[in-house]
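**Q** Here it is, the structure in full.
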Amino acid sequence: ADGYYLNTMGECVYSTSDYSDMVFLQSYSFNKVVELQYNSTLGKFVGFTEIGVKQAENMNKNQALLQQLKDQVDTQCRHNAQIWDPAVRDKT
């Protein structure tokens, strides 16, 4: 079909039960190609395409946005992991 495909996906990635290695990733894709991604460990956006690099440069100037995304590690990732993770981990 003709048209464009735009997608944003947020992920919480971790491997330890104390969530000390928790990382929040927010990926922005256009036509199924990841253009740029926010990484909470880096605390900034990284571009993967020519357009994505330009977008990352602009978005990295917005300190309020960067802080809001960095806060997602605690407000979204750890919060939800503490609720849902025990139901999965405790099933051996």
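The values are calculated or read from the model by the stated rules, or taken from the named source; none is laboratory data. Just so it is clear, the structure is predicted and the values come from calculations on it, not from any experiment. Don't worry about glycine lacking a Cβ; one is built from the backbone with ideal geometry, like all the others, and counts go over all protein chains shown. The accessibility values were calculated without ligands, DNA or RNA, using every heavy atom of the protein model including side chains. Shrake-Rupley method; radii C 1.70, N 1.55, O 1.52, S 1.80 Å.
**Q** Taking the condition in contact (Cβ under 8 Å) with a residue 60 or more places away in the chain and not in a strand (DSSP E or B), does Gln76 pass?
**A** In short, yes.
**Q** Where in segment 1-65 are there strands (runs of 3 or more DSSP E), lying wholly inside it, with at least 2 residues that are open to solvent by 80 Å² or more (accessible area, probe 1.4 Å)?
**A** Per the criteria, 6-13.
**Q** Return the residues of segment 26-84 that are touching a Phe, Trp or Tyr at 6+ places or on another chain (Cβ under 6 Å) and of a type in the set (Val, Ile, Thr); say none if nothing qualifies.
**A** Scanning segment 26-84 gives Val34, Val73.
**Q** So is Ala81 among the small types (Gly, Ala, Ser), part of a helix (DSSP H, G or I) and either more than 24 Å from Leu6 (Cα to Cα) or out of contact with any Leu (no Cβ under 8 Å at 6 or more places or on another chain) (or both) or not?
**A** On the way: among the small types (Gly, Ala, Ser): yes; part of a helix (DSSP H, G or I): yes; either more than 24 Å from Leu6 (Cα to Cα) or out of contact with any Leu (no Cβ under 8 Å at 6 or more places or on another chain) (or both): yes.
Yes.
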